[in-house]
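The block underneath contains the structure these notes are about, expressed in structure tokens.
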Amino acid sequence: MTLEFKRGVIAFLSAAFLVSLLFVQWREVSRRAEESGHSKPHINVPATSVACVDCHAQSTPGLVAHWTGSKHAERGVGCLECHEAQKGDVDGFDHYGAHVATVVTPNDCGRCHADVAAEFGRSHHAKGGNILASLDNFLAEVVEGNRGPVGLHSPTPGRAFVHANGMASANTGCQQCHGAKVGLESSDGKILTVDDFKPGLDGKPTNLDAVARVVKDQNGRPKFSSSTWPNTGIGRINLDGSLGSCSACHSRHDFSPRRARQPENCGKCHLGPDHPQKEIYEESKHGVAFRDLLGEMNLDADEWVLGKDYTGAPTCASCHMSGNVRNGGRITHDPGERISWTNRPAISLAMDTDLDHKIVGETDPEKRRALVHDTWEAKRTRMQEVCSVCHSTEYINGFYKQYDDFVVLYNEKFAKPGLRMMKALVENGLRTKADFDEEVEWTWYYLWHHEGRRARHGASMMAPDYAHWHGMFEVAERFYMELIPQVRELAEHGREHGKAAEAEIVLALVNEILARPEHQWYERDLAKMRAERGKEPK
Amino acid sequence: MSFSPLTWIRERVPVGPEQLRELTNEPVPNHLKKWWWCLGGTPAYLFVVQIVTGILLAFYYKPSPQTAYESVRYITEEASFGWFLRGLHKWAATLMVAAVVLHQMRVYFTGAYRKPRELNWLVGMCLLLLTLIVGFTGYSLVYEQLSYWGATVGANITDNVPIVGVYLKQLLLGGEVYNENTLSRFFILHAAVLPVTMAALIALHVTLIRLQGVTEFHFRDEDRKQPAFFNFIPDHLLTELSIGLVLMVLLSVLATVLPAEMGPKADPLSTPEVIKPEWFFYVAFRWLKLFSGTLAVLSMGLIVFLMYAWPFIDARIRKFRPQSEASVWIGIVGALAIIALTVWEASVAH
């Protein structure tokens, strides 16, 4: 073998080695850039989703782009993994060789995220759709709209409406946060929902008569009732019987953990006059720090554990859901697990919950103890674990003392007396049983549902302006300047219209309330003035 | 009488221009006029780059699990030119491994390891392994997810070595598992023990080359009328300096265009989905995936042993078949296998 041949061998192998080195370094550099977040990860479209992605990249490119940037895409979770329907699913349809469904429910997500779906299913979030029979819904469906079509007063030039949809306010307002009861169009003109299909445990309909009435388009696709879909309300009531919508927080197709961790995500629903949690957060030091330290929040971290992955500021998710170093990084999809007061009702309640995660209303201590499965103390301890990542025990206990004092003051000074007066009015026939048909009902609703909640939420999240000026100040004004005078007026009106005894009962109650030390300031001077004028009320 | 600093030094260091010329200006064989035959000096040059950049990085690096990642982040993001130094250090390591491999291929295929140069082959083999180990320990110092888990996997691999494996693992980690002391152990190995050992072996390597002379090749297309040798100074020195300058430019470009990145911080509680060692261990990593633990480790050990012993095995073969070129064919198969396994591992996620 000649030296020249060996020289050729060396040249060939060296060149092969250098070329392979270039390839290896290219792969290495790409991998490192992905790890450090400087480049988008390489996406391998799963074989079953290639056709979907190719077609939808043309028809709905934004949707495909969102998916391409998702963790799902990164990990090979394609279209069918979520959208694939089983034969017999009421909303399933054949679509270019695949059997798919449009709505992805917690049951679908639960195929991979079983624990998370189960935890979410127990939460108050998942039951958000229960508002459909509540006072709030009465407001939207009856007071603001109509449970049926609303006839036209006159034509709208340029448009050819037949009537107005009386449920429009409920559909686009309440249900986009609380969740709609998803419905399909029925051949008899009605809407078919879970109540009609009566799904079994496997999510498949048991009422085949209802299935037969589902209206389908020319491609065999079931037609959704436009008043119930699209909907990503968190307590959506799905056709398969499952409750909730994961995309309410995680957004469809990109499933961004980064977005779910930011307060703006919760702010889709938790804002406004009755529960302005997002604005309250923004006023608090936590929100101020978050805005300032956004760049240090490490929002793209895999686990995002408070105290390990970030310490800049807590967001809604940090306190109510995400893991922290004190709890071993345990995430919960039941935000109620760390809330010790519910400030949703007129009177705040301690969050003692039963096995079904419902608040225990029992007042007998023995019976109550037997029913309570998860105490408010346990919930508070979980929240205090979050606090303790940054705050001392003394600081945390001090805060909770201030918070408890505030809630109890609101309950005792305004909420309980207010509720007693409202009940007394209806029990004595001095107001109607229908809600919102009398001024005092609006007054009371503003007091507890708007101002009372603002005050309590402000106190719970350290926003002094919401606790005081947007909260207790307005509660007090509403109580003394509107509720008390309106209750008295209704009583006087009743007295004048043959209900003197009933009026006396209500007025006695008002006087009893106002005679309490905390209310005595209100009419002390007024009483003197009236006495001087000889006009003191009876 | 006026004072001359040169005279003062000569009186105390009795080495004159004659001795210096004799020491440094050994005749160099003609084939070394071609730069691609001169890659033996490249790893040495890159070693110096590593020492200089390594010292500067060590000014800021803090070897403990609590501080390591943050100190590397500080170097990369805050220290003046820290990103550049880290980039130079990283790319010089890559080029050093590549240069060592290219140099060893040249030595192997030209039979330059044969008598009387067997011992220098052994020294070269030690330098190859030390280069790989210093790369492994350096990568682990960053304390990011992959470097942490790479070190853990590396330690677990040594655990598969029969009898001594458990002790090797303990020696490497300073305990049963990756612990508080592991990083400082890696740091001392990476920044002190291994470089000093390598420096000593490089000195021995060069000394043996000087004592035995560079292997001479005579190609057919050579002009026989020309002298067979040329001067080390200035001709060969200029070639080496030119290679050094090209390397410096190449390193600067790589460090600037493809700076050293930082992955997520090491999390001992969360095993990454994909664990990859540094690229020069891809071949071993793929080998480990092809065979079961102990078999893979033992077979790799056998291959390394055969590489060490090759000059003596080759001598035995040639004793019985003097014209045998088995080494060339074995070398071709071996080199292609290494390239193929490396590319394979680089191509796949798992």
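The values are calculated or read from the model by the stated rules, or taken from the named source; none is laboratory data. Computed from a predicted model, the values in this text were never measured in an experiment. Note: ideal-geometry Cβ built from the backbone for every residue, glycine included; neighbour counts use all protein chains shown.
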If the requirement is being among the hydroxyl-bearing types (Ser, Thr, Tyr) and facing chain B (nearest Cβ under 10 Å), which of these qualifies: A:SER70, A:SER49, A:SER36? A:SER36
Just give me the residues in region A:253-274 being surrounded by fewer than 20 Cβ atoms within 10 Å (Cβ to Cβ) and under 16 Å from the mean Cα position of the chain (by Cα), in sequence order. A:ARG259, A:GLN262, A:GLU264, A:GLY267, A:LYS268, A:CYS269, A:HIS270, A:LEU271, A:GLY272, A:PRO273, A:ASP274
Could you check, for region A:402-418, whether at least one of its residues is of a type in the set (Phe, Trp, Tyr), under 25 Å from A:HIS270 (Cα atoms), not assigned by TED's automatic domain parsing to the domain that holds A:ARG478 and not in a loop (DSSP other than H, G, I, E, B)? no
List every residue pair whose Cβ atoms sit under 7 Å apart, with the two residues 6 or more apart in sequence or on different chains, where the first one lies in region A:436-453 and is modelled with pLDDT of 95 or more and the second, anywhere, is among the basic types (Lys, Arg) and in a helix (DSSP H, G or I). A:THR443/A:ARG478; A:TYR446/A:ARG478; A:LEU447/A:ARG478; A:GLU451/A:ARG478
Having 1 or more residues that are within 26 Å of A:PHE138 (Cα to Cα) and of a type in the set (S, T, N, Q) is the bar; report the helices (runs of 4 or more DSSP H) wholly within region A:427-516 that clear it. A:439-445, A:484-496
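Does any residue of region B:274-283 turn out to be in a helix (DSSP H, G or I), among the aromatic types (Phe, Trp, Tyr) and more than 28 Å from A:ARG75 (Cα to Cα)?
The answer is no; no qualifying residue exists.
Yes/no per residue for (1) of a type outside the set (D, E, K, R); (2) closer than 23 Å to A:CYS177 by Cβ; (3) out of contact with any strand residue (DSSP E or B) (no Cβ under 7 Å at 6 or more places or on another chain); (4) not assigned by TED's automatic domain parsing to the domain that holds A:ASN219:
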{"position": "A:HIS83", "(1), (2), (3), (4)": "yes, no, no, yes"}
{"position": "A:GLN86", "(1), (2), (3), (4)": "yes, no, yes, yes"}
{"position": "A:ASP89", "(1), (2), (3), (4)": "no, no, yes, yes"}
{"position": "A:ASP115", "(1), (2), (3), (4)": "no, no, yes, no"}
{"position": "A:GLY121", "(1), (2), (3), (4)": "yes, yes, no, no"}
{"position": "A:ALA126", "(1), (2), (3), (4)": "yes, yes, no, no"}
Selection within region A:1-23 - aliphatic (A, V, I, L, M) and more than 7 Å from chain B (Cβ to nearest Cβ): A:ALA11, A:ALA15, A:LEU18, A:VAL19, A:LEU22
Options B:VAL107, B:VAL101, B:VAL48; residue that is under 20 Å from the mean Cα position of the chain (by Cα), more than 30 Å from B:PRO264 (Cβ to Cβ) and surrounded by 21 or more Cβ atoms within 10 Å (Cβ to Cβ): B:VAL101
Residue count for region B:207-247, restricted to those that are assigned to a helix (DSSP H, G or I), in contact (Cβ under 8 Å) with a residue 40 or more places away in the chain and under 22 Å from the mean Cα position of the chain (by Cα): 9
Residue match in region A:88-98 (condition: out of contact with any His (no Cβ under 8 Å at 6 or more places or on another chain) and at the interface with chain B (Cβ under 10 Å from one of its Cβ atoms)): no
Can you tell me which residue is farthest from the chain's Cα centre (by Cα) among those in region B:248-283 that are hydroxyl-bearing (Ser, Thr, Tyr) and within 9 Å of chain A (Cβ to nearest Cβ)? B:SER270
Only listed residue being assigned to a helix (DSSP H, G or I) and hydrophobic (A, V, I, L, M, F, W, C), chosen from B:ALA99, B:ALA112: B:ALA99
Check on B:VAL134, away from chain A (no Cβ under 14 Å), hydrophobic (A, V, I, L, M, F, W, C) and closer than 18 Å to B:ARG86 by Cβ: yes
Could you figure out which of (1) crowded, with 19+ Cβ neighbours inside 10 Å; (2) free of Cβ contacts under 8 Å to residues at least 40 places away in the same chain isn't true of B:PHE305? (1)
What pairs come out if I take residues in region B:40-60 that are in contact (Cβ under 8 Å) with a residue 40 or more places away in the chain and pair them with residues that are polar (S, T, N, Q) whose C-beta lies under 8 Å away, six or more apart or interchain? B:PRO43/B:THR131
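Matching residues to (1) assigned to a helix (DSSP H, G or I); (2) modelled with pLDDT of 95 or more; (3) polar (S, T, N, Q):
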site	(1), (2), (3)
A:VAL104	no, yes, no
A:ARG111	no, no, no
A:ALA118	yes, no, no
A:GLY121	yes, no, no
A:ALA126	no, no, no
A:LEU132	yes, no, no
A:PHE138	yes, no, no
Could you list all residues from region A:1-59 that are outside any helix (DSSP H, G or I), among the aliphatic types (A, V, I, L, M) and over 42 Å from the mean Cα position of the chain (by Cα)? A:MET1
Number of the exception - A:ALA378 against (1) aliphatic (A, V, I, L, M); (2) without any contact (Cβ under 8 Å) to a residue 40 or more places away in the chain; (3) under 15 Å from A:SER123 (Cα atoms): (3)
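Quick check on my filter: what residues within region B:192-237 are within 14 Å of chain A (Cβ to nearest Cβ), surrounded by 11 or more Cβ atoms within 10 Å (Cβ to Cβ) and not polar (S, T, N, Q)?
Scanning region B:192-237 gives B:GLU216, B:PHE217, B:HIS218, B:PHE219, B:GLU222.
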What's the number of the condition B:PRO116 fails, among (1) within 20 Å of the chain's Cα centre (by Cα); (2) away from chain A (no Cβ under 14 Å)? (1)
Of B:VAL343, B:VAL333, B:VAL328, which residue is under 22 Å from A:ILE10 (Cβ atoms), exposed (fewer than 12 other Cβ atoms within 10 Å of the Cβ) and within 12 Å of another protein chain (Cβ to nearest Cβ)? B:VAL333
